[in-house]
Each structure stands twice: as structure tokens, then as C-alpha cells.
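> Sharing a structure here in C-alpha cells format.
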């Protein structure tokens, strides 16, 4: 079956620090990959996505590259802000799973001023 | 305009009661979902409908029954609520099926069973 593994949290950083949240996946087919963000008390918002190998998704200063050879989709940001504090979820979707999203465990990020 | 809206946002109820959560999307999407988020923030799919047809039904107790009166609405009815049902329930919708199915989520319904 499909699965997504994220680095364990929580992650605490100072403002302007560099962020990496690791994500690796297992899939039976050829998945699309996503990063979703959940701010406190809110629903999930799509942060970025990539649908084929070597694609780079980017949004709001965050980036992730679809690496088929290492089955990874690590999230990076060069300089985090206090407003980036949230829970980040890596997820995949593929044809054989009937369009469902399979999520990683989520990584809580706290950015201190 | 809210794209995917759920009501209520908070629901506190006693064990044994029956309750419903409603979801509506104005994105014109064909597929809708219910996801459950547990206390550790883990998200898991419960159900998925495509054009009012049930296409995913995970291992969920049959006390949970989804209903889709039309493709813009997907409601969740829960009978005989138990303490373990306490969680945040998210409705979502997507346009495409399969690997490119990027989902849009509602704000969630926090259900507390006491």
C-alpha cells in the first residue's frame, strides 16, 4: 500500500533560520506529491505540489522537489518567519488509490522571534 | 466566498447521541471526501463520493453514514456516539480523480463526545 513518512517533530526555529522538513514515500504507482499546511484552529491549505519526477513545487518561499530516485519530497524554506508556525503535512495521491490523499504524520513547526 | 464550508465548527454531545455534520462546496468539483484527524493530528480518509456515488469506504464503523444529496453536498451522520469518536472531521473536495487530485479542505468540525 501507499505510505508517507515525515521527520518527527516538533521543530523549533528562530526567525530567519533555514527550514527542512523531510518526507519520504512508498507508492504502488506513480503518485503526485503535496505539502499541506494547517494553521492553528484552521483547515488544511495546499502549500505546494509536484506531479512528476524532478518537478519543483514552490509557494510563499517554500520549495520541494519530487525525487523519484530517493522517493522523497523534502520541504525547504530559506528564512522562516513567526507567521510560518503551523503543522505541515506531506501527502501523496495516485490513481490506484482512488484519488484519496495519504498523509504523513504532520510536523509541528514553531518559529520564535 | 468560502469554497468548502462545514457546519457546525464545534460540536459537543453526550455518548449515545446521534449527530450530523454538513458540508457544501461551491467549487463545482465532482469528488468530495470526509477525513478524520485524531488527537495526534494524524489524518485518515473515511469516505469519498464522486458525483453522488460512493467510491471509497474505509474501515469505518457502520455507525458512520455519509450521504450525498447532490455533488455539491456531502453530509456525515453518526449514530450512537462513543468517546472514541472525539476528533476533528474535515470535509474536502477535488476536481480530478486519480493522481492529480488536489483537494480543498473545509475548516473542520471539532467533535467532542462527553
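> Only residues in the range A:1-16 that are in a strand (DSSP E or B) count as the first member; pair them with residues that are surrounded by fewer than 17 Cβ atoms within 10 Å (Cβ to Cβ), Cβ under 6 angstrom, at least 6 apart or cross-chain, and list the lot.
A:3/A:26; A:12/A:110; A:14/A:112
> How many residues are under 18 Å from residue B:33 (Cβ atoms) and not in a loop (DSSP other than H, G, I, E, B) if we restrict to the range A:38-48?
Going through the range A:38-48 one residue at a time, the tally reaches 4.
> Which one of the conditions (1) at pLDDT below 95; (2) away from chain A (no Cβ under 14 Å) does residue B:85 fail to meet, given that it meets all the rest?
Residue B:85 satisfies all of (1) at pLDDT below 95; (2) away from chain A (no Cβ under 14 Å) except (1).
> Could you list, ordered by first residue, the pairs with Cβ atoms under 7 Å in which the first is in the range A:39-52 and more than 10 Å from chain B (Cβ to nearest Cβ) and the second is assigned to a loop (DSSP other than H, G, I, E, B) and modelled with pLDDT of 95 or more, at least 6 apart or interchain?
Short answer, once both residue conditions are applied: A:50/A:66; A:50/A:73.
> Then there is this: Filter the range A:71-113 for residues that are assigned to a loop (DSSP other than H, G, I, E, B) and either more than 11 Å from chain B (Cβ to nearest Cβ) or without any contact (Cβ under 8 Å) to a residue 60 or more places away in the chain (or both) and give the result.
Across the range A:71-113, the qualifying residues are A:71, A:73, A:74, A:78, A:79, A:80, A:81, A:85, A:98, A:99, A:100, A:113.
> List pairs: first in the range B:32-60 and on the phi > 0 side of the Ramachandran plot and more than 9 Å from every other protein chain (Cβ to nearest Cβ), second in a strand (DSSP E or B) and modelled with pLDDT of 90 or more, Cβ under 7 Å, 6+ apart or cross-chain?
Between residues of the range B:32-60 that are on the phi > 0 side of the Ramachandran plot and more than 9 Å from every other protein chain (Cβ to nearest Cβ) and residues that are in a strand (DSSP E or B) and modelled with pLDDT of 90 or more, the close pairs are B:52/B:68; B:52/B:70.
> Would you check which residues across the range A:49-70 are part of a strand (DSSP E or B) and either surrounded by 20 or more Cβ atoms within 10 Å (Cβ to Cβ) or touching a helix residue (DSSP H, G or I) at 6+ places or on another chain (Cβ under 9 Å) (or both) and list them?
A:49, A:50, A:57, A:62, A:64
> Looking only at the range A:85-100, which residues are modelled with pLDDT of 95 or more and farther than 20 Å from residue B:104 by Cα?
Matches in the range A:85-100: A:85 only.
The values are calculated or read from the model by the stated rules, or taken from the named source; none is laboratory data. Nothing here was measured: the structure is a model prediction, and the numbers come from that model. Positions of Cβ are backbone-derived with ideal geometry, glycine not excepted, and every protein chain shown enters the neighbour counts.
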